[in-house]
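Novice: I am attaching a structure below and will ask some questions about it afterwards.
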Amino acid sequence: MDAHNLISRAQGRYVHTIDDGLIEDWPEFFADDAFYKVTTADNHRRGLPAGIIWAHNKAMLKDRVSALKEANIYEPHTYRHMLGQPSVLEESEAGATSETSFLVIRIMGNGPTDVFASGRYLDEYVFDDGRALIKKRIVVCDSSRIDTLLVLPL
Amino acid sequence: MSARSTGVGVPARAGVQERSWPESLTEVPYWVFQAEDVYRAEQERIFHGPTWNYLCLEAELAEPGDFCATFIGEQPVLVTRDHDGQIYAFENRCAHRGSLIAMEHYGHTRDFTCVYHAWTYNLQGDLTGVAFEEGINGKGGMPPEFCKAAHSPRRLRLASVHGLVFGSLDNDVPHIEEYLGQEILDRIERVLGGRKPVVLGRFTQSLPNNWKLYMENVKDSYHASILHLFFTTFGLNKLSQKGGIIVSEDGGHHVSWSAIDREAEAGEHYKDQKIRSESEYQLQDPSLVDGFSEVGDDITLQILSVSPGFVLQQIQNSVAVRQVLPTGVDSTDLHWTYLGFEDDTEEQQLIRLKQSNLVGPAGYVSMEDGAIGGFVQRGIAGAGQEFATVQMGGDQAVSSESRVTEASIRGFWKVYREAMGFAVGAGRGVHA
């Protein structure tokens, strides 16, 4: 399978897991030493290193999941991710880099359906046993503004 | 000039004056979070009044020509550094027809040109150019008596406190040191004194609630270990730790601090009370909460607020400033600026980046604060005649060794009701 297909397949499963599947499976799309950051276009352009979410290994992503399940308090809500086609920037046998635009709609438990975030994934994938694993994902939100809170991952 | 009549004549003024506030500081009327006339009057009396409002960091205006476009309440203001090295601030509104002079949040420029008709301002806010001032071929143009110097945007009073830039729209504001008081100044110095902050990130959180609900939350040390499970489980902030509350003399500003007291953690305070904080919870990467002594003392948490809308936070090694800006009766923008310091080692910066997970819109110990104000805003719909009760720790607004107190909330309202000029007296107390 070519890089485009491997990445498309991984991303399709990734959004299914967050939107409709088991959130516990979300860290499994990442390599053990993966880097994951949610930031904004303004911070990204200015090269500012902090993130709204910042993790430099898979354990930290698992902690995100346990926190959202066991510790944090928020109103029930779900996301619907709409992804564009991945644009594969570089590829080799071992992996690829790509960029994919996203739109995330948030559906609150009590009704309203709103656009929550738009942006792009800046990704590095490693190919492992016919599967694309995320080595690095920087989620660059277009807006500098987050409505109320961000608890489910993007 | 007309540009200077800042909100005098707010239509609802009479309505606000008819409102009365309970005499006891333990009662807060819910209409204060709901009423449009109160919101309008706050713009005039609080934000255009004799208050100091956080604008930005000196470090964000490092070079001459750097500017920051921000707000005091709803009032847009521009803060700049000129070539004389000084910081200036003025209303971000063209003297001509009122357009914003600058729109970018942070930027760098030689001067400012209003996009509408190209009126030009220097970095100190002086009107220096009017397009076609002389007309064309002797026709049109401004009248000969037009004086640019008389049409510069209004300048703000400015004060800098350990690298924090505060501004005021009222010339009669007290001197910043008098406004804050020594105890608050000392605690700002504790975190920022003699250090050069470096911005690690800036994020804005839109809150679905009145700005004062967020300020109450900031000043509320009682909720911290109850609503925020993450804090409690990892020994960041327990009511049994040593710590305390400092309320400034006037009541408006506060510091809540705590220091690790591992012996007390084995105590019975939590086991006795069936509160949610009791839950077990393990981190797979516990290095998240491995910090270093921020300034060489044992204090792991210091939340400091300056009335009306500024917060300086040290939660372990997560240092941030928060600017609270009202955008409507039931909407507020919370601007987070995460900080490191110029002399941080690489390892220290890594710790700060990890601990950025604790705060902000997705913060393990702060995300609930983004939602709780909305829960109150919705909860009190239909209760405009009712009152919140803030009796924890008594009815005074004074410093306390216990953090199980709402003293600093009472202090906030003490200063607020005075600034708003409400008649004090009636309240639930008189009906009870």
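So that you can scan it fast, the table gives a plain yes or no per residue for (1) over 19 Å from A:A67 (Cβ atoms); (2) in contact with a helix residue (DSSP H, G or I) (Cβ under 8 Å, 6 or more places away or on another chain); (3) among the hydroxyl-bearing types (S, T, Y):
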{"position": "B:S307", "(1), (2), (3)": "yes, yes, yes"}
{"position": "B:Q316", "(1), (2), (3)": "no, yes, no"}
{"position": "B:V319", "(1), (2), (3)": "yes, yes, no"}
{"position": "B:Q323", "(1), (2), (3)": "yes, no, no"}
{"position": "B:E346", "(1), (2), (3)": "yes, no, no"}
{"position": "B:G373", "(1), (2), (3)": "yes, yes, no"}
{"position": "B:V376", "(1), (2), (3)": "yes, yes, no"}
{"position": "B:I380", "(1), (2), (3)": "yes, yes, no"}
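For (1) surrounded by 14 or more Cβ atoms within 10 Å (Cβ to Cβ); (2) touching a Phe, Trp or Tyr at 6+ places or on another chain (Cβ under 8 Å); (3) among the polar types (S, T, N, Q), each residue gets a yes or a no:
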| site | (1), (2), (3) |
| --- | --- |
| B:L334 | yes, yes, no |
| B:L339 | yes, no, no |
| B:V376 | yes, yes, no |
| B:F387 | yes, yes, no |
| B:M392 | yes, yes, no |
| B:V398 | yes, no, no |
| B:G411 | yes, no, no |
| B:A419 | yes, no, no |
| B:A423 | no, yes, no |
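Novice: Is there a residue being surrounded by 15 or more Cβ atoms within 10 Å (Cβ to Cβ), under 25 Å from the mean Cα position of the chain (by Cα) and within 19 Å of B:F146 (Cβ to Cβ) anywhere in segment B:78-99?
Specialist: Within segment B:78-99, one or more residues are surrounded by 15 or more Cβ atoms within 10 Å (Cβ to Cβ), under 25 Å from the mean Cα position of the chain (by Cα) and within 19 Å of B:F146 (Cβ to Cβ).
Novice: For segment B:362-393, which residues satisfy the criterion of being of a type in the set (D, E, K, R) and away from every other protein chain (no Cβ under 11 Å)? Reasoning before the result, please.
Specialist: Taking segment B:362-393 first, the residues of a type in the set (D, E, K, R) are B:368-369, B:378, B:386.
Of everything in segment B:362-393, just one residue is of a type in the set (D, E, K, R) and away from every other protein chain (no Cβ under 11 Å), namely B:E386.
Novice: Right, next: Can you list residue pairs whose Cβ atoms sit under 6 Å apart, with the first residue in segment B:356-383 being modelled with pLDDT of 95 or more and the second being part of a helix (DSSP H, G or I) and surrounded by fewer than 17 Cβ atoms within 10 Å (Cβ to Cβ)? Count only pairs 6 or more apart in sequence or on different chains.
Specialist: Close Cβ pairs satisfying both conditions: none exist.
Novice: Among the residues of segment B:327-341, how many are assigned to a strand (DSSP E or B), more than 19 Å from B:H254 (Cα to Cα) and out of contact with any Gly (no Cβ under 6 Å at 6 or more places or on another chain)?
Specialist: Selection size over segment B:327-341: 10.
Novice: Could I ask something else about it? Quick check on my filter: what residues within segment A:30-85 are facing another protein chain (nearest Cβ under 9 Å), of a type in the set (V, I, T) and surrounded by fewer than 21 Cβ atoms within 10 Å (Cβ to Cβ)?
Specialist: Hit for segment A:30-85 is A:I73, nothing else.
Novice: Here's another thing I want to ask about it. Find the residue count for segment A:116-154, including only residues that are on the phi < 0 side of the Ramachandran plot and assigned to a loop (DSSP other than H, G, I, E, B).
Specialist: The number of residues fulfilling the criteria is 9.
Novice: Take residues that are farther than 19 Å from A:I134 by Cα and either out of contact with any Cys (no Cβ under 6 Å at 6 or more places or on another chain) or of a type in the set (S, T, N, Q) (or both) and tell me which of the helices (runs of 4 or more DSSP H) falling wholly in segment A:1-102 contain 1 or more. Show your work before the answer.
Specialist: Values: elements: A:3-19, A:41-46, A:58-66.
Of the helices (runs of 4 or more DSSP H) lying wholly inside segment A:1-102, those with at least 1 residues that are farther than 19 Å from A:I134 by Cα and either out of contact with any Cys (no Cβ under 6 Å at 6 or more places or on another chain) or of a type in the set (S, T, N, Q) (or both) span A:41-46, A:58-66.
Yes or no, residue by residue, for (1) of a type in the set (D, E); (2) at pLDDT 95 or above:
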| residue | (1), (2) |
| --- | --- |
| B:D172 | yes, yes |
| B:R187 | no, yes |
| B:R195 | no, yes |
| B:S206 | no, yes |
| B:Y222 | no, no |
| B:F230 | no, no |
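Novice: I need the full set of residues from segment B:77-128 which are among the small types (G, A, S) and either within 19 Å of B:S168 (Cα to Cα) or part of a strand (DSSP E or B) (or both), in order please.
Specialist: Residues satisfying the conditions are B:A89, B:G107, B:G125.
Novice: Which condition breaks for B:C68 when tested against (1) without any contact (Cβ under 8 Å) to a residue 60 or more places away in the chain; (2) buried (at least 22 other Cβ atoms within 10 Å of the Cβ); (3) farther than 30 Å from B:R110 by Cβ?
Specialist: The failed condition is (3).
Novice: From the list A:V88, A:V126, A:V139, pick out the single residue that is out of contact with any helix residue (DSSP H, G or I) (no Cβ under 9 Å at 6 or more places or on another chain) and crowded, with 19+ Cβ neighbours inside 10 Å.
Specialist: Numbers: A:V88 fails: out of contact with any helix residue (DSSP H, G or I) (no Cβ under 9 Å at 6 or more places or on another chain); A:V126 fails: crowded, with 19+ Cβ neighbours inside 10 Å.
Exactly one of A:V88, A:V126, A:V139 is out of contact with any helix residue (DSSP H, G or I) (no Cβ under 9 Å at 6 or more places or on another chain) and crowded, with 19+ Cβ neighbours inside 10 Å, namely A:V139.
Novice: For residues in segment B:295-318 being crowded, with 22+ Cβ neighbours inside 10 Å and assigned to a loop (DSSP other than H, G, I, E, B), which is nearest to the chain's Cα centre (by Cα)?
Specialist: Looking at the filtered set, the residue picked out is B:G309.
Novice: Whether any residue in segment B:324-337 is among the aromatic types (F, W, Y) and at pLDDT 95 or above is what I want to check.
Specialist: Checking segment B:324-337: at least one residue is among the aromatic types (F, W, Y) and at pLDDT 95 or above.
Novice: Moving to a separate point now. Across segment B:40-63, what is the number of residues that are assigned to a helix (DSSP H, G or I) and under 14 Å from B:A419 (Cβ atoms)?
Specialist: Start the filter on segment B:40-63 by keeping residues that are assigned to a helix (DSSP H, G or I), which leaves B:40-47, B:58-61.
Those still in the list that are under 14 Å from B:A419 (Cβ atoms) too: B:41-47.
Number satisfying all stated conditions: 7.
Novice: With under 30 Å from B:P208 (Cα atoms), facing chain A (nearest Cβ under 9 Å) and hydrophobic (A, V, I, L, M, F, W, C) as the only criterion, which of B:L325, B:L288 stands out?
Specialist: Numbers: B:L325 fails: facing chain A (nearest Cβ under 9 Å).
B:L288 is the lone residue from the list that is under 30 Å from B:P208 (Cα atoms), facing chain A (nearest Cβ under 9 Å) and hydrophobic (A, V, I, L, M, F, W, C).
Novice: Residue by residue through segment A:103-115, note down the ones that are in a loop (DSSP other than H, G, I, E, B) and in contact (Cβ under 8 Å) with a residue 24 or more places away in the chain.
Specialist: A:G109, A:N110
The values are calculated or read from the model by the stated rules, or taken from the named source; none is laboratory data. Everything numeric in this text was worked out from a predicted model, so none of it was measured. Because the Cβ atoms are built from the backbone with ideal geometry, glycine has one as well, and the counts that use them run over all protein chains shown.
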